[in-house]
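*Asks:* Okay, handing you the structure first.
The values are calculated or read from the model by the stated rules, or taken from the named source; none is laboratory data. Values in this document were obtained by computation on a predicted structure and should not be read as measured data. Here the Cβ is made from the backbone with ideal geometry for all residues, glycine too, and neighbour counts use every protein chain on show. Heavy atoms of the whole protein, side chains included, go into the accessibility calculation; ligands, DNA and RNA do not. Shrake-Rupley method; radii C 1.70, N 1.55, O 1.52, S 1.80 Å.
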Amino acid sequence: METVNAAFQYCDQLIRDFEKVIKTPILNKSSVYYTGVDLGTAYIVLAVLDENYQPVAGAYRYANVVKDGMVVDYIGAIRIVKELKQELEQKLGTELIYAAAALPPGTFTLDSGVIKHVVEGAGFEITNLLDEPTAANAVLKIKDGAIVDIGGGTTGIAILKDGKVIYVADEPTGGTHFSLVIAGAYGMSFDEADQYKRDFKNHRELIPVLQPVIEKVSSIISHHVAQYQAKEIYLVGGTCCLNGIEDIIAQKTNLPTYKPQNPMFVTPLGIALSCTQESL
């Protein structure tokens, strides 16, 4: 079910504003700019906020430099982030200095140094490095429940209580698996299936084909939320853009399941909002 209650007004408005500035940046001068760098399995997203934490610019690009939440093409990641940074700097007419980044839950000790070096290698001064669920919750503002980030390679789960993350998990199964199923069912190449999946016009047709994989994701969620008695599920991540995915997850987990208007942009905006919290 789409989010409609008052608790999501801030989230959905922020996403609407961000979608607008991706097309038309806001050129009013700001004393400082905060950039969120989201290195996703399918997309790299940069979100820029002004001194009042309002979106002023953004850019994203399809990329395959990350696999299962880990950077596998270090040089390629730096190149794309640097190119997106320069593109936004040209549009805004200013240098972007400060940035934050995030990692999937459970990978902090494994990949935090690499993510930090990618962002710094692209020319940013990194001010914060946090886990993706915490970043997402800067936008969602959830007190209690489970944030589920279905990305390209993995499904990340964070349980929140009183606004704090008390448990995290990350398991394989995500958009890559969706594309593999489509490729097999339609006799397409992986890249063709990936593009077919991204077209909203195909979603109604694809739901029955993808139902077994969505049920697998649902079982992963159920396994992790059961012991913490989470009452609601909040979906983020690019794979959640699939129309109808929230209905199947709600049915299989027996929990109310919500998603913002564009789940792909929740985490990068949350990273940008966390840019001022210097923790490095």
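*Asks:* Could you pull out every one of the helices (runs of 4 or more DSSP H) wholly within the stretch 164-266 that has 1 or more residues that are open to solvent by 60 Å² or more (accessible area, probe 1.4 Å), free of Cβ contacts under 8 Å to residues at least 12 places away in the same chain and hydrophobic (A, V, I, L, M, F, W, C)?
*Replies:* Output list reads 190-198, 203-226.
*Asks:* Report, by residue number, each residue of the stretch 238-259 that is among the hydroxyl-bearing types (Ser, Thr, Tyr) and under 14 Å from Leu206 (Cα atoms).
*Replies:* Answer for the stretch 238-259, where residues must be among the hydroxyl-bearing types (Ser, Thr, Tyr) and under 14 Å from Leu206 (Cα atoms): just Thr239.
Residues are listed down the side, and each one gets a yes or a no for (1) more than 22 Å from Pro104 (Cβ to Cβ); (2) not β-branched (Val, Ile, Thr):
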residue	(1), (2)
Asp194	no, yes
Arg198	no, yes
Lys201	yes, yes
Val225	no, no
Val236	no, no
Thr239	no, no
Asp247	yes, yes
Pro260	no, yes
Ser274	no, yes
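*Asks:* Next question, about the same structure. Can you go through Gly113, Gly123, Gly156, Gly152 and tell me which one is in a strand (DSSP E or B) and open to solvent by less than 50 Å² (accessible area, probe 1.4 Å)?
*Replies:* Gly156
*Asks:* Do any strands (runs of 3 or more DSSP E) lying entirely in the stretch 1-105 carry at least 3 residues that are open to solvent by 20 Å² or more (accessible area, probe 1.4 Å), and which ones are they?
*Replies:* Filter on the stretch 1-105 gives 55-62.
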